[in-house]
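Read the structure below first, then the notes.
The values are calculated or read from the model by the stated rules, or taken from the named source; none is laboratory data. These figures come from a predicted structure and were not determined experimentally. Cβ sites come from the backbone with ideal geometry, for glycine too, and all protein chains shown count toward neighbours.
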Amino acid sequence: MSATLSPAAIHVTDPTPLPPHDAPPSGRRSASDGRDTAGDETLPSLSREEVLRYSRHLILPEVGLEGQRKLKAARVLLVGAGGLGSPAALYLAAAGVGTLGLVDFDVVDVTNLQRQILHGTRDIGRPKLDSAADRIGEVNPHVRVEPFNTRLTSANALEIIREFDIVVDGTDNFPTRYLVNDACVLTGRPNVYGSIFRFEGQASVFATADGPCYRCLFREPPPPGLVPSCAEGGVLGLLPGLVGTIQATEAVKLILGIGETLVGRLLLVDALRMQFRNLKLRRDPECPACGTHELTALEDYEEFCGLRRAAAAGLAAPPIREITPREVAAKRARGDDFDLIDVREPHEYAIARIEGARLIPLATVSDAISTLDPNREIVVHCKAGGRSARAAQVLQNAGFHRVWNLAGGITRWSDDVDPDVVKY
Amino acid sequence: MPITITLPNVLARLAEGHRTVAGTGGTLGDVVADVSNQFPSLRARLVDDGGNPYPFVTYYLNDEDIRFAGGFGAPVRDGDEVIIVPAVAGG
């Protein structure tokens, strides 16, 4: 199936090469230098250096001079400069996409470097937008980077996305994925989707004129807490390389108007089996975004994803009491009698543990209740405090009244009590 | 030959580590119920309390989204293949 794009979104056959966003910076469509007068004169010309740089593209009939000029004229927005955004940005820059918008508000953390190849060891602590701009500039100084140092929200998404031809979704949470999708449907911009977890990834192209959107695939997000994040569940560092590069490939094909894009298909990537599968996607006639069009404006995506309800439910339930690592260390020093329970997974326990803790992974806490004494004091911990809060809730619901959650988990234990416990 | 269901990695541990499980029945719903009986801890991840698919888990029967092919009422035949695709958000 070939991509069918809204004429406002991309310039394949439309004689006006750019969608109706703000006028491009002066000089972007400068008069030809005499090297590339062929074809659409509204497209920017290539300098001699660019002609040489892109020579492997120019000798491909499917790209050629005109295609390379389309790439130079194109404006692609990357939402997220993390695992997926890294390879996507690097390849789009190398391929000669003229303008890359980047939306991110995070700083580089050492745990990002296992997969986020836009950033290096020397960038730890820097805003991701700064290290991304440096790296992109090194790969291809002809690329203009437009940074948006902000979280994408219902208040700014339409305004930002309207300025671009194509959006590459490299976000890491459900509220932003639905936000990106809806904003793309409302503005008519293709949403080049990619998503990863552990060893598996998904890719597609949503929100084209006739194709389905993300809501056609998943009508609603899972309730908060059901699907762990990559920080909790882990991700193979190479997987975003595979999926992000697929996203970049699709963006380039959309710009050039060549090949068969992933419109109407969901590509499943299984890195463990190294299998790629194509599933058919259809537009859902009942989809509120692209089917019935009852969605005419962006909504509250935290609310849609149940995060506010979860927070409210948390307030209604008896609160989980917290205890700091220093307080636990003081209890031990005093010789207090209590049980310390580690609810992480066995492979995490193998990396680092708090001496004397009993391992009961979260999924097995319910089964282990009969082995615990409800009259004793219990402190539960995990890596950072999230899973152990759920374990504490399970115990509290089962009638344990002397349960404390270790604030900050083993990570903070390492910071505050015992630096010999490695952080991961 | 029964109907095979391919699980995402994340659910395989609830099926004793199997990525592919097999079930029998006249409809997709029957097959899912059969598999849920074989692996009780899978049930809550496959269907909601009413036995229906969740809106954040998409079932494919022979590469077609079941919502456009009769849902859990879709008739199945021996050798059919079901793929379960959960919503994931990592990036």
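For residues that are closer than 17 Å to B:V85 by Cβ and of a type outside the set (S, T, N, Q), tally how many sit in segment B:4-38. Final tally of qualifying residues: 14. Selection of first residues in segment A:239-264 that are surrounded by 24 or more Cβ atoms within 10 Å (Cβ to Cβ) and of second residues that are among the aromatic types (F, W, Y) and in a helix (DSSP H, G or I), restricted to Cβ pairs under 7 Å at least 6 apart or on distinct chains, gives the following pairs, ordered by first then second residue: A:A248/A:Y91. Restrict the check to segment A:157-173 and report whether at least one residue is closer than 17 Å to A:D284 by Cα, among the acidic types (D, E) and facing chain B (nearest Cβ under 8 Å). Scanning segment A:157-173 turns up no residue that is closer than 17 Å to A:D284 by Cα, among the acidic types (D, E) and facing chain B (nearest Cβ under 8 Å). Taken over segment A:132-181, the criterion of being in a helix (DSSP H, G or I), closer than 21 Å to A:E250 by Cβ and of a type in the set (K, R) is satisfied by A:R177 alone.
Got a sec? Which of A:R332, A:R273, A:R309 is under 24 Å from A:N397 (Cβ atoms) and modelled with pLDDT under 95? Quick ask: steps written out before the conclusion?
Working: A:R332 fails: under 24 Å from A:N397 (Cβ atoms); A:R273 fails: under 24 Å from A:N397 (Cβ atoms).
Among A:R332, A:R273, A:R309, only A:R309 is under 24 Å from A:N397 (Cβ atoms) and modelled with pLDDT under 95.
Identify, please: which residue in segment A:269-304 is more than 9 Å from chain B (Cβ to nearest Cβ), farther than 19 Å from A:A207 by Cβ and under 21 Å from the mean Cα position of the chain (by Cα) and is, among those, surrounded by the fewest Cβ atoms within 10 Å (Cβ to Cβ)?
Step one: list which residues in segment A:269-304 are more than 9 Å from chain B (Cβ to nearest Cβ), which gives A:269, A:271, A:274-276, A:283, A:285-304.
Checking which are farther than 19 Å from A:A207 by Cβ leaves us with A:269, A:271, A:274-276, A:300, A:302-303.
Right, trim to under 21 Å from the mean Cα position of the chain (by Cα) and you get A:269, A:271, A:276, A:300, A:302-303.
On the way: A:V269: 20, A:A271: 19, A:F276: 13, A:D300: 13, A:E302: 19, A:E303: 11.
Checking each candidate, the answer is A:E303.
The residue of segment A:201-224 that is surrounded by the most Cβ atoms within 10 Å (Cβ to Cβ), among those that are closer than 20 Å to A:I161 by Cβ and of a type in the set (D, E, K, R), is A:R215. Looking only at segment B:38-74, residues that are assigned to a loop (DSSP other than H, G, I, E, B) and either more than 7 Å from chain A (Cβ to nearest Cβ) or in contact (Cβ under 8 Å) with a residue 40 or more places away in the chain (or both) come to 11 in all.
Residue under question is A:P44, and the condition is that it be assigned to a loop (DSSP other than H, G, I, E, B), more than 24 Å from A:F148 (Cα to Cα) and at pLDDT 95 or above; does it hold? Considered against the rule, which asks whether it is assigned to a loop (DSSP other than H, G, I, E, B), more than 24 Å from A:F148 (Cα to Cα) and at pLDDT 95 or above, A:P44 comes out as yes.
With the requirement that a residue be at the interface with chain B (Cβ under 9 Å from one of its Cβ atoms) and farther than 28 Å from A:L362 by Cβ, what does segment A:220-248 give you? Result: A:G244, single match.
Residue pairs whose Cβ atoms lie under 6 Å apart, sitting 6 or more positions apart in sequence or on different chains, and linking a residue in segment A:181-202 that is under 24 Å from A:T245 (Cβ atoms) and at pLDDT 95 or above to a partner that is of a type in the set (F, W, Y) and not in a strand (DSSP E or B), are A:N181/A:Y214.
For residues that are away from chain B (no Cβ under 13 Å) and within 14 Å of A:T153 (Cβ to Cβ), scanning just segment A:174-194, find the one that is surrounded by the most Cβ atoms within 10 Å (Cβ to Cβ). Among those that are away from chain B (no Cβ under 13 Å) and within 14 Å of A:T153 (Cβ to Cβ), it is A:D182.
Being within 13 Å of the chain's Cα centre (by Cα) and in a strand (DSSP E or B) is a condition met by no residue of segment A:104-113.
Tally time: how many residues in segment A:118-134 are surrounded by fewer than 20 Cβ atoms within 10 Å (Cβ to Cβ) and under 20 Å from the mean Cα position of the chain (by Cα)? Give the derivation first.
Narrowing segment A:118-134 to residues surrounded by fewer than 20 Cβ atoms within 10 Å (Cβ to Cβ): A:120-122, A:124-127, A:130, A:134.
Next, from what is left, pick out any that are under 20 Å from the mean Cα position of the chain (by Cα): A:120, A:124-127, A:130.
Matching residues across segment A:118-134 total 6.
Looking at A:L254, A:L279, A:L340, can you tell me which residue is in the same structural domain as A:P223 (by TED's automatic domain parsing), modelled with pLDDT of 95 or more, of a type outside the set (D, E) and part of a strand (DSSP E or B)?
A:L279
Under 26 Å from A:P223 (Cβ atoms), more than 14 Å from every other protein chain (Cβ to nearest Cβ) and not charged (D, E, K, R): does that describe B:N9? So that I can check it myself, show each step before the final result.
Values: under 26 Å from A:P223 (Cβ atoms): yes; more than 14 Å from every other protein chain (Cβ to nearest Cβ): no; not charged (D, E, K, R): yes.
No: the conditions fail for B:N9.
Restricting A:V379, A:V365 to residues that are assigned to a strand (DSSP E or B), assigned by TED's automatic domain parsing to the domain that holds A:R332 and crowded, with 20+ Cβ neighbours inside 10 Å narrows the list to A:V379.
Go through segment A:382-424 and give me each residue that's of a type in the set (D, E, K, R) and assigned to a helix (DSSP H, G or I). Answer for segment A:382-424, where residues must be of a type in the set (D, E, K, R) and assigned to a helix (DSSP H, G or I): A:R387, A:R390, A:R412, A:D415, A:D416.
Is it true that B:V35 is crowded, with 20+ Cβ neighbours inside 10 Å, outside any loop (DSSP other than H, G, I, E, B) and away from chain A (no Cβ under 14 Å)? It is true that B:V35 is crowded, with 20+ Cβ neighbours inside 10 Å, outside any loop (DSSP other than H, G, I, E, B) and away from chain A (no Cβ under 14 Å).
Being surrounded by fewer than 17 Cβ atoms within 10 Å (Cβ to Cβ), of a type in the set (D, E, K, R), over 24 Å from A:P175 (Cα atoms) and more than 14 Å from every other protein chain (Cβ to nearest Cβ) holds for only one residue in B:R77, B:R19, and it is B:R77.
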